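Quick note: the coordinates plus some simple rules give every number you see, no bench work behind them. Not measured: the values here are computed from a predicted model. A quick note on method: Cβ atoms are made from the backbone with ideal geometry, for glycine too, and the neighbour counts reach across all protein chains shown.
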Ligand code: NI
């Protein structure tokens, strides 16, 4: 197992379109496991292969809420609880989408930023599992939001592209100009509080 480097906006490699895999080889299975380890190490709940500089259609997720080292499955919806976790899917395709929902999304590739994004409330997704077996899941809740966020990565798209044009440009310019704040060196008390609060939120 290995912890992989996570690319951060505005790295142009995050904009590449990812290709479907022809077959889930043992090497790809190991790569998916490395992605999971990487995601857990950065306390993320989802990670797309594009974020670790591999342009294949693969995403990994674990949206189970955790408290004191224990999973609190009762906080998940009925449909979410039926999704195998950790969830690994190659070549994910959304075959059904219904309703609308919003969530304050974050991203390991855009650290410390959280913005409200609109997504479909329920999605049905097909693809291949970590063993190359066809799978089909129907989910809503945070798991549905996360799947849509990660599939965006495979198409070179980030959650900050899905904001109003003014907000999107403002955030991108700010990051390009100032980079990301260093959590170990807060500028002032207010910023420190903000950073600590952000760490409690979900990173997709
Ligand atoms: Ni992301």
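Using only Cα atoms, find the angle between the long axis of helix 141-154 and the longest principal axis of the chain, and express it within 0 to 90 degrees, rounded to the nearest 10.
Computed tilt is about 90 degrees.
Can you give the angle from 0 to 90° between the axis of helix 165-178 and the longest principal axis of the chain, with both taken from C-alpha atoms, to the nearest 10?
The answer is roughly 70 degrees.
Per residue and in cubic angstrom, what volume does the convex hull of the Cα atoms of the stretch 12-198 have?
Roughly 134 Å³ of hull volume per residue.
State, as an integer percentage, the relative contact order of the chain based on alpha-carbon contacts under 8 Å between residues 6 or more apart.
Relative contact order here is 24 percent.
Which whole-number percent is the relative contact order of the stretch 100-143 (Cα, under 8 Å, 6+ apart)? If you can, show how the numbers build up before the last one.
Numbers: 56 pairs, mean separation 13.0, N = 44.
Reported relative contact order: 30 percent.
How would you rank 62-69, 106-113, 20-27, highest first, on the average number of other Cβ atoms within 10 Å across their residues?
106-113, 62-69, 20-27
In degrees between 0 and 90, to the nearest 10, how far off the longest principal axis of the chain does helix 189-199 point, with axes built from Cα atoms?
Helix 189-199 sits at roughly 0 degrees to that axis.
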